[in-house]
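Step one of this worksheet: look at the structure below.
Every read-out reported here was derived from the displayed coordinates using simple, explicitly stated rules and does not represent laboratory data. Note that this is a predicted model, so its numbers are computed, not measured. As a convention, Cβ positions derive from the backbone with ideal geometry for all residues, glycine included, and neighbour counts pool all protein chains shown.
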Ligand code: TMP
């Protein structure tokens, strides 16, 4: 079987990270080799960019924020994603390109066309499968705010997160072959079963 590039997307507190374990267990059962990674921060350089990007004390313009996310992504593709796929290893990334569309394009209101123009020529590869963990913003923020100190994005207001959710749903409508919506408002077992069902269909 060809290796897959699988990405997880969703607003803060949507339960993406918890469900990486579900995907890992599924792939282990099928004896499929994989690695887990994330954005921003999937590489050594990426970790440094992540510190800058999530730090609430550093002021960044929307454009700078977008370009740093893209710098992280290009480096991540070159140093980790592509080399692993070439070795036949499936790659699971907690966030990827759809996050830039949703957060910078939607949340920061830069617009989706602007992002498409900027990435033209960057060789951003397309995931084979994207799981979008969707739930109402109120519910997600309540979960996220129970966690530790809030980062630059988590501390934004309700409308920012609502725009992100809406952009994600728009992207899923536009590319329903690749982006599969998971109802993340359900309890853990129900969400897990939705994830497993989608993997079964894809594999
Ligand atoms: P997380 O790894 O805890 O989800 O945090 C990463 C944060 O960075 C999250 O709030 C979403 C944000 N982000 C963007 O705004 N644009 C991007 O392209 C990516 C990858 C992440």
Practice task
Taking just the C-alpha trace of region 105-201, give me its Rg and Dmax in Å.
Solution key: 15.2, 42
Practice task
Going by C-beta contacts inside 10 Å, put 119, 23, 182 in order with the fewest on the left.
Solution key: 119, 23, 182
Completion exercise
Mean 1/r over distinct Cα pairs of region 164-203, inverted to a Kirkwood Rh in Å, yields 11.1 Å
Handout entry: Extension gain (nm, one decimal) between residue 78 and residue 116, 0.36 nm per residue minus Cα-Cα
Key = 11.7 nm
Fill in the blank from the handout: Projected onto their principal axes, the Cα atoms of region 19-106 stretch, largest extent first, over whole-Å spans of 45, 24, 21
Exercise for the section: Could you tell me the convex hull volume per residue, in Å³, taken over the Cα atoms of the chain? Expected result: 117 Å³
Problem - Rel. contact order, % - alpha carbon contacts under 8 angstrom, at least six apart, the chain - result: 33 percent
